[in-house]
1. Can you name every residue in the stretch 183-216 that is surrounded by fewer than 21 Cβ atoms within 10 Å (Cβ to Cβ), modelled with pLDDT of 95 or more and part of a strand (DSSP E or B)?
2. Go through the stretch 74-100 residue by residue and tally those that are out of contact with any helix residue (DSSP H, G or I) (no Cβ under 7 Å at 6 or more places or on another chain) and at negative phi.
3. Looking only at the stretch 237-253, count every residue that is modelled with pLDDT of 95 or more and crowded, with 16+ Cβ neighbours inside 10 Å and tell me the total.
4. Pairs please, first residue from the stretch 45-57 and touching a residue at least 24 places away in the same chain (Cβ under 8 Å), second anywhere and surrounded by 20 or more Cβ atoms within 10 Å (Cβ to Cβ) and assigned to a loop (DSSP other than H, G, I, E, B), Cβ atoms under 8 Å, 6+ apart in sequence or on different chains.
5. Of the residues that sit in the stretch 139-164 and are surrounded by fewer than 23 Cβ atoms within 10 Å (Cβ to Cβ) and within 8 Å of the chain's Cα centre (by Cα), which one is farthest from residue 112 (Cα to Cα)?
6. Look through 177, 160, 149 and report the one residue that is closer than 30 Å to residue 95 by Cα and modelled with pLDDT of 90 or more.
7. Can you go through 219, 258 and tell me which one is outside any strand (DSSP E or B), under 24 Å from the mean Cα position of the chain (by Cα), crowded, with 16+ Cβ neighbours inside 10 Å and in contact (Cβ under 8 Å) with a residue 60 or more places away in the chain?
């Protein structure tokens, strides 16, 4: 009897080890949301979650609320090493908690245009020209929600996607602000112009935003953190606008610049 129990225990241990390895498999489209408050918020809002990873050498008290919510939803909970969590979050401050979610969905441009028209207000879009820092995209999403933007337009290539870092920085705005992924920014600008949307690129040599006419439907183009708006995209725009500053500096952070310009547009609308 004792030998049979030991064999059963060894078999169970081997099976659990295999399951643990299986749970740590990373699928290409998986999104990792991390941080205690972010993961707790995702679970409380009843969003689709595939599984939960917890750092095994932390106190159970730290994870108690998250474990309770996860068990209520009958989610898989895996205890893994800090190194595993560091790997899947690329060294971010995960606080020992990671949720695995399906990839975020992008909204089609035509649907975003229809949605903005249905609100019976002038369209308001933000176009990102090769933004690379997920923290910038996250902060832009947060400012966009607060200032009434109808959608964020991003290129399919050479632009940061909707990652866990973006979700954490956006503080939930990633679920409420439509993100539209397009193949070609220049063609998208032409499409919006046909809908009566005026396109303005952020540029150091542009029109002072204090004299900027923000009436009507508008889209703001925010350029890459280092290169700014590309010359080809800038040529397609109806104008450029700059943020006046008390002293000469090279440029503002892309997320800060976007927030200032968005609020300048929103100032008249709010």
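1. If the condition is that a residue be surrounded by fewer than 21 Cβ atoms within 10 Å (Cβ to Cβ), modelled with pLDDT of 95 or more and part of a strand (DSSP E or B), then 198 is the only one that fits.
2. Looking only at the stretch 74-100, we keep the residues that are out of contact with any helix residue (DSSP H, G or I) (no Cβ under 7 Å at 6 or more places or on another chain), and these are 74-75, 79-88, 90-91, 93, 100.
Now restrict to residues that are at negative phi: 75, 79-88, 93, 100.
Residues meeting the conditions: 13.
3. Qualifying residue count, the stretch 237-253: 3.
4. The qualifying pairs are 54/96; 55/94; 55/96.
5. The selected residue is 163.
6. So the residue among 177, 160, 149 that is closer than 30 Å to residue 95 by Cα and modelled with pLDDT of 90 or more is 177.
7. 258
For every residue, the table says whether it meets (1) free of Cβ contacts under 8 Å to residues at least 24 places away in the same chain; (2) under 30 Å from residue 149 (Cβ atoms); (3) in contact with a strand residue (DSSP E or B) (Cβ under 7 Å, 6 or more places away or on another chain).
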position: 31; (1), (2), (3): no, yes, yes
position: 36; (1), (2), (3): no, yes, yes
position: 69; (1), (2), (3): no, no, no
position: 87; (1), (2), (3): yes, no, no
position: 93; (1), (2), (3): no, yes, no
position: 115; (1), (2), (3): no, yes, no
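The values are calculated or read from the model by the stated rules, or taken from the named source; none is laboratory data. Here the structure is a predicted model, which means the values were calculated and not measured. When we count neighbours, we look across all protein chains shown, and the Cβ atoms used for this are built from the backbone with ideal geometry, even at glycine.
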